[in-house]
Amino acid sequence: MSPFILWLNRLSSLASTPAVWGIFLTGAVIYLINEWRVRFLALVAQYFFVGILFARIFDTRPELAVLKIVVGWLICGAFLISARMRERTVKEQGRHWHWSANLPFRMLLLSAMTVVAYLASQRYVLPFVSADLSVACFALGVLAILFIGAEENDAVVAGIGVLNLLAALDIFYSSRDPGLLVTGLMVMVTLLIGLAISYLTVAEVAE
Amino acid sequence: MTIPGPVFVVGLPLAVSLLLQLLRRWTAFMAWIAAGTAALVGLSIALSPLNETLVYQEFGVVLGQPLYLMGRELVVEPVDRLPLAFIFLTAAGLFVIAWRLLPHSNFFPNGLTMTALLAAALLVKQVVYAALLVEMAAILAVFPLHEPLSSRDRPQPKPAGPDDDTVPMETPSAVVSTEMGRTSTLLGAGHVGRVKGGLRYLTYATLALPGLMVTQLLLEWFSLFPNDRGVLQSATLLLALSFAILLGAAPFQSWLSTVATDGSPPVVTFLFTVNIGTVWFMLLAYLEAYTWLGAQALFGPLISGVGLLMMVLGGALSASQRHLGRLVAYATLVDNGAMFVALGTRQAAGVALSVMMLIARPLALGLMTIGLDGLRRMGGGDDSEAAMSGLAWESPWRAVAFIMGGVAMAGFPLSLGFAARWGLFRLMVNDSFFQAILALSGSAGVMMGVIGAIRILLTQTPLHQRAPYRDDVIVLILIVVLIAATLWLGLFPQNLSSLALQMTEGFTFLRP
């Protein structure tokens with residue numbers, strides 16, 4: 001094994017627990033702040049954290065983890081373009097930065113679901129994955145439920161929920177079967193979902 | 001040069017679909033190329049022996065020859081032939097129907113790609129790859145489902161009469177954003193920004209993915225530890241859940257109605273026939289491959305129970321429905337439920353009946369699609385009671401198409417659906433008269449919904465006492481052809497029932 005890969009493995013194992021909480025934090029930002037620029041930056045950061053976790057799974061092939069990050073960032077770029085097109089079309093009103101509606105309720109729900117995700121990861125141990133990856137899977141799953149459940153009127157946020165669900169599944173499945181074909185297909189599915197959500201965001205106002 | 005069958009079945013449509021992406025300017029060319037390719041592949045699979053070489057110049061195709069892709073086998077097996085022929089020929093028919101309904105649409109290239117991906121899902125044996133391919137097809141469906149009409153293709157607003165107080169169609173400049181991020185319109189009519197159907201379908205298709213992928217892991221686990229029977233129960237549960245989501249079974253039926261309400265009618269029909277058909281054949285293939293799945297004690301009652309619930313629920317919702325698009329969705333829900341009930345009888349005849357219902361569906365939904373598409377355009381994109389009132393007087397053929405399609409979906413006499421439903425009721429009566437009555441009530445509910453639609457479409461209002469809407473002649477010819485086919489096959493269903501029996505010959509899991 002090359003010294004670079006050894007160094008990367010060591011770094012990713014050290015960074016994986018902070019990365020899990022980074023996923024939670026960026027998810028919270030997306031959930032609580034209703035401003036596409038902030039959400040875009042949070043999503044970019046979230047994909048970086050997810051990439052760190054993938055670096056642990058693909059320990060002998062770090063290029064696949066890099067690929068996952070690059071694909072995530074490509075999706076962020078597509079969302080950015082869609083959001084700008086949408087903004088130009090719908091002429092957003094007033095302030096640029098504001099909290100999501102029902103903020104106290106959202107904060108309460110997010111806190112409760114964070115606890116649920118953590119306890120579930122302790123109670124139901126996922127096979128094939130380490131403890132921190134298990135927490136990440138549950139965290140991403142919980143965030144997916146929150147995004148899909150609360151934001152169906154906003155295609156981007158619901159889409160991020162779908163992507164989070166897929167990331168959770170990808171982390172879990174790739175831990176058991178890190179084969180090239182499954183990884184490639186998952187990358188394609190992720191990219192297609194990103195494009196579809198981006199398209200829906202624009203089509204929502206273009207129809 | 002010998003080409004393996006999967007390259008022809010999957011590779012050819014994929015290659016043609018790439019070409020079609022460049023030809024979107026020429027709708028007729030695109031539609032007929034797509035239909036021709038799908039028909040060529042479908043007929044080749046249906047009519048050619050698997051082990052013989054189909055020769056074209058220096059190329060030879062052996063349909064039965066497997067293709068190995070990174071160690072994974074794709075092969076056309078005898079049991080796959082008719083299902084593959086069904087999805088390709090149905091796709092071909094829908095491309096022809098969409099020719100005049102979706103100008104310059106990405107439905108043609110995307111539809112061909114989706115068909116190829118779904119065919120690949122039937123050819124590959126591992127659950128995980130099939131699941132990912134079905135997911136990709138579902139994602140691709142989103143693009144034509146909510147394709148914005150270009151200004152050239154947008155229906156012209158109806159000329160306002162002296163008493164006309166209807167709201168004109170919205171333009172993008174009339175759109176504002178609300179605090180919640182929801183798109184609404186200054187005019188308040190709310191037909192702009194309806195992309196919920198695609199979003200929900202995408203979400204549900206993705207929700208079905210974990211169950212299928214984890215099942216693959218469990219199956220691998222079981223092959224290592226064959227004594228661990230608990231793994232099989234988990235796998236059964238996950239598979240059942242995933243297929244329930246993909247087939248829109250209760251309580252996961254909400255994507256059917258949302259898609260039918262928001263989506264482009266021809267694409268909705270594609271989803272309800274080709275996509276659902278493929279998932280159905282995948283389910284039959286898994287029941288065949290994993291015999292423990294069908295051997296679970298709860299299998300029959302669970303499938304029958306869910307199917308009956310779908311029929312009753314769909315019937316009740318159809319009967320009270322005043323939105324024509326949702327009627328299509330609930331009629332499909334009842335039809336899906338009938339297929340579940342047929343499978344739940346645990347008899348070979350039940351499987352054949354479920355396949356016959358699937359074969360009958362493209363004709364019925366095709367008619368409903370053509371009708372709904374025209375009526376919805378005349379209603380300014382809306383299909384509510386207010387928008388549809390009296391439209392039968394303006395466009396009688398579109399109304400007739402919708403009604404005839406609805407009658408066929410309800411499984412009433414003089415339609416192909418009747419033969420299959422009647423067979424199902426007879427099969428059910430032997431086991432439980434009460435359940436047969438419940439199933440019949442589902443069909444009756446759809447018929448009541450259709451009667452409600454007739455009443456709405458025939459309502460005479462001063463607003464609609466205008467010159468009849470001038471319809472496309474080719475669309476009228478298509479309507480006549482589809483109605484004639486429905487009636488003919490309804491009167492003489494023998495050929496199709498024997499085809500259904502032939503399709504299910506390969507599925508032996510319910511034979512004693």
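The values are calculated or read from the model by the stated rules, or taken from the named source; none is laboratory data. Owing to the predicted nature of the structure, the values given are computational and were not obtained by experimental measurement. Here Cβ is always computed from backbone atoms with ideal geometry, including for glycine, and neighbour counts include all displayed protein chains. When the accessible area is computed, the model is the full protein with side chains, heavy atoms only, and any ligands, DNA or RNA have been set aside. Shrake-Rupley method; radii C 1.70, N 1.55, O 1.52, S 1.80 Å.
Residue-wise test of (1) over 14 Å from B:L202 (Cβ atoms); (2) outside any helix (DSSP H, G or I); (3) under 13 Å from the mean Cα position of the chain (by Cα).
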position	(1), (2), (3)
A:N153	yes, yes, no
A:S174	yes, no, no
A:P178	yes, yes, no
A:L181	yes, no, no
A:M186	yes, no, no
A:I193	no, no, yes
A:S198	no, no, no
A:V205	yes, no, no
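Restricting to the range A:147-167, name every residue that is surrounded by fewer than 22 Cβ atoms within 10 Å (Cβ to Cβ) and either modelled with pLDDT of 90 or more or hydrophobic (A, V, I, L, M, F, W, C) (or both).
Residues satisfying the conditions are A:A150, A:L166.
Quick one: which of B:S304, B:S318 is in a helix (DSSP H, G or I), farther than 26 Å from B:G374 by Cα, in the same structural domain as B:S354 (by TED's automatic domain parsing) and of a type in the set (S, T, N, Q)? Walk me through it before giving the result.
Values: B:S318 fails: farther than 26 Å from B:G374 by Cα.
When all the criteria are applied, what remains is B:S304.
Could you tell me which residue of the range B:175-229 is surrounded by the most Cβ atoms within 10 Å (Cβ to Cβ), considering only residues that are at pLDDT below 80, facing another protein chain (nearest Cβ under 10 Å) and in contact with a helix residue (DSSP H, G or I) (Cβ under 9 Å, 6 or more places away or on another chain)?
B:G193
Based on what the data block shows, is A:S130 surrounded by fewer than 21 Cβ atoms within 10 Å (Cβ to Cβ), more than 7 Å from every other protein chain (Cβ to nearest Cβ) and either touching a Leu at 6+ places or on another chain (Cβ under 8 Å) or farther than 14 Å from B:L209 by Cβ (or both)?
yes
Just to check your reading of the model, which residue among B:T90, B:T27, B:T115, B:T53 is away from chain A (no Cβ under 14 Å) and open to solvent by 30 Å² or more (accessible area, probe 1.4 Å)? Write out each step before concluding.
Working: B:T90 fails: open to solvent by 30 Å² or more (accessible area, probe 1.4 Å); B:T27 fails: open to solvent by 30 Å² or more (accessible area, probe 1.4 Å); B:T115 fails: open to solvent by 30 Å² or more (accessible area, probe 1.4 Å).
The conditions single out B:T53.
Go through (1) surrounded by 18 or more Cβ atoms within 10 Å (Cβ to Cβ); (2) of a type in the set (S, T, N, Q); (3) over 23 Å from the mean Cα position of the chain (by Cα) one by one and return the number of the condition B:N430 breaks.
Among (1) surrounded by 18 or more Cβ atoms within 10 Å (Cβ to Cβ); (2) of a type in the set (S, T, N, Q); (3) over 23 Å from the mean Cα position of the chain (by Cα), B:N430 violates only (1).
Residues that are hydrophobic (A, V, I, L, M, F, W, C) and open to solvent by 20 Å² or more (accessible area, probe 1.4 Å): does the range B:317-328 have at least one?
Looking for residues that are hydrophobic (A, V, I, L, M, F, W, C) and open to solvent by 20 Å² or more (accessible area, probe 1.4 Å), one finds at least one in the range B:317-328, hence yes.
Being β-branched (V, I, T) and surrounded by 12 or more Cβ atoms within 10 Å (Cβ to Cβ) is the filter here; which residues of the range A:107-122 pass it? I'd like the intermediate steps shown before the answer.
So the first thing to find is which residues in the range A:107-122 are β-branched (V, I, T), and the list is A:114-116.
Of everything in the range A:107-122, those that are β-branched (V, I, T) and surrounded by 12 or more Cβ atoms within 10 Å (Cβ to Cβ) turn out to be A:T114, A:V116.
Just to be sure before I move on: is B:L202 under 20 Å from the mean Cα position of the chain (by Cα) and either under 30 Å from B:S105 (Cα atoms) or not in a helix (DSSP H, G or I) (or both) in the structure I sent?
The answer is yes for B:L202.
Could you figure out which of (1) of a type in the set (G, A, S); (2) open to solvent by 10 Å² or more (accessible area, probe 1.4 Å); (3) over 17 Å from B:L458 (Cα atoms) isn't true of B:S389?
Going through (1) of a type in the set (G, A, S); (2) open to solvent by 10 Å² or more (accessible area, probe 1.4 Å); (3) over 17 Å from B:L458 (Cα atoms) one by one, B:S389 breaks only (3).
From the list B:G337, B:G300, pick out the single residue that is open to solvent by less than 10 Å² (accessible area, probe 1.4 Å), farther than 18 Å from B:P265 by Cα and at pLDDT below 90.
Checking each option against the conditions leaves just B:G300.
For every residue, the table says whether it meets (1) part of a loop (DSSP other than H, G, I, E, B); (2) within 20 Å of the chain's Cα centre (by Cα); (3) in contact (Cβ under 8 Å) with a residue 12 or more places away in the chain; (4) closer than 30 Å to B:D472 by Cα.
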position: B:F29; (1), (2), (3), (4): no, no, no, yes
position: B:S44; (1), (2), (3), (4): no, no, yes, no
position: B:Y68; (1), (2), (3), (4): no, no, no, no
position: B:V76; (1), (2), (3), (4): yes, no, yes, no
position: B:S105; (1), (2), (3), (4): yes, yes, yes, yes
position: B:M114; (1), (2), (3), (4): no, yes, yes, yes
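Do we have any residue at all in the range A:85-107 that's of a type in the set (V, I, T) and at pLDDT 90 or above?
No, that holds for no residue.
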